[in-house]
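Working notes, structure below.
The values are calculated or read from the model by the stated rules, or taken from the named source; none is laboratory data. Please read these numbers as outputs of a predicted model, since none were measured by experiment. As a convention, Cβ positions derive from the backbone with ideal geometry for all residues, glycine included, and neighbour counts pool all protein chains shown. Accessible surface areas use protein heavy atoms only, side chains included; no ligands, DNA or RNA. Shrake-Rupley method; radii C 1.70, N 1.55, O 1.52, S 1.80 Å.
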Amino acid sequence: EVSTGPVVDFRSREYISKAVDVGMVPLLYPGHFVDDFIDWPKEDFKRANAIEVNEVTRKWLYPSGFYTVVRRFSSKEEKRRINANVVTPNVFNGFAALAFENRLNVFHLHRSGLDESVAFGIAAFLNSSRVDEYFRRFNGHTQVNATDLRAIKYPNMERLVSLGKLAKTHGHSNQAIVDGLLDS
């Protein structure tokens, strides 16, 4: 499944914070993802790093796990329109849940994490030149909606797992590496 991140920051100002305090969990924005890495919490970040856990926000949270995330907005000058990354739970040790801001699309399994290899496989597939070509041909705008991601034909689960195992070792965002993995 793929969904748009449920946290709309300007509507949630009273619950979000740049500092990570007790009773809070990580809130992820596109700016927290740099190539194959997650930079969280981010110092001197103009956005929040955390969200308070309470009765209002609990419905926006996902249990800690592996997720593939795709930025919803890209510029025409970027190498790829679709930019996928993998959320790995080891970056967030000690946190039982995560929150995704509305500028991210999240691949999940019934609002829970994915198998690690599947998460890496989806990211590698989406970062490929083939998918970028397809997306540019059939989508004239720079916004990547969950509906657009659902319309893409994905490899079968066996192929995604195989691709994911290779991507974990070789990287899931380097264009040349990803294209080589898909051709193997």
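Per residue, the chain reaches -8000 deg cm²/dmol at 222 nm when only DSSP H runs of four or more residues are counted, each adding -39500 (n - 2.57). Of the solvent-accessible surface of the stretch 78-147, computed with a 1.4 Å probe and all protein chains present, 50% belongs to carbon and sulfur. Ignoring lysines fewer than eight residues from LYS42 along the same chain, the ones with Cα atoms less than 29 angstrom from its Cα are LYS18, LYS59, LYS76, LYS79, LYS165, LYS168. Annotation for ASN139 and LYS79: the two label points, set 7 Å from Cα along the Cα-Cβ direction, are 1.9 nm apart.
Per-residue extension of 0.36 nm, minus the Cα-Cα distance of SER17 and ALA176, leaves a gain of 53.5 nm for this segment. Rounded to whole Å, the principal axis extents of the Cα atoms in the chain read 47, 32, 30, largest first. If I take every Cα pair under 8 Å that is 6 or more residues apart in the stretch 48-184, average their sequence separation and divide by the length, what percent do I get for the relative contact order? It comes to 29 percent, rounded to a whole number.
Remark: C-alpha extents of the stretch 84-184 on the principal axes read 42, 30, 22 Å, sorted largest to smallest.
Peptides 124-135, 49-60, 158-169 ranked from most to least packed by the mean count of surrounding Cβ atoms within 10 Å: 124-135, 158-169, 49-60.
Taking amide H as placed 1.01 Å from N in the peptide plane, the amide H of PHE73 sits under 5 Å from that of VAL144, each at least 5 places away or on another chain.
Any idea what angle helix 129-138 forms with the longest principal axis of the chain, computed on alpha-carbon atoms, 0 to 90 degrees, nearest 10? Rounded to the nearest ten degrees, it is 80. The translational diffusion coefficient of the stretch 60-122, from Stokes-Einstein at 37 °C and 0.692 mPa s with a Kirkwood hydrodynamic radius over alpha carbon pairs, comes to 266 µm²/s. The residues of the chain present an accessible area of 50 Å² per residue when probed at 1.4 Å with all protein chains retained.
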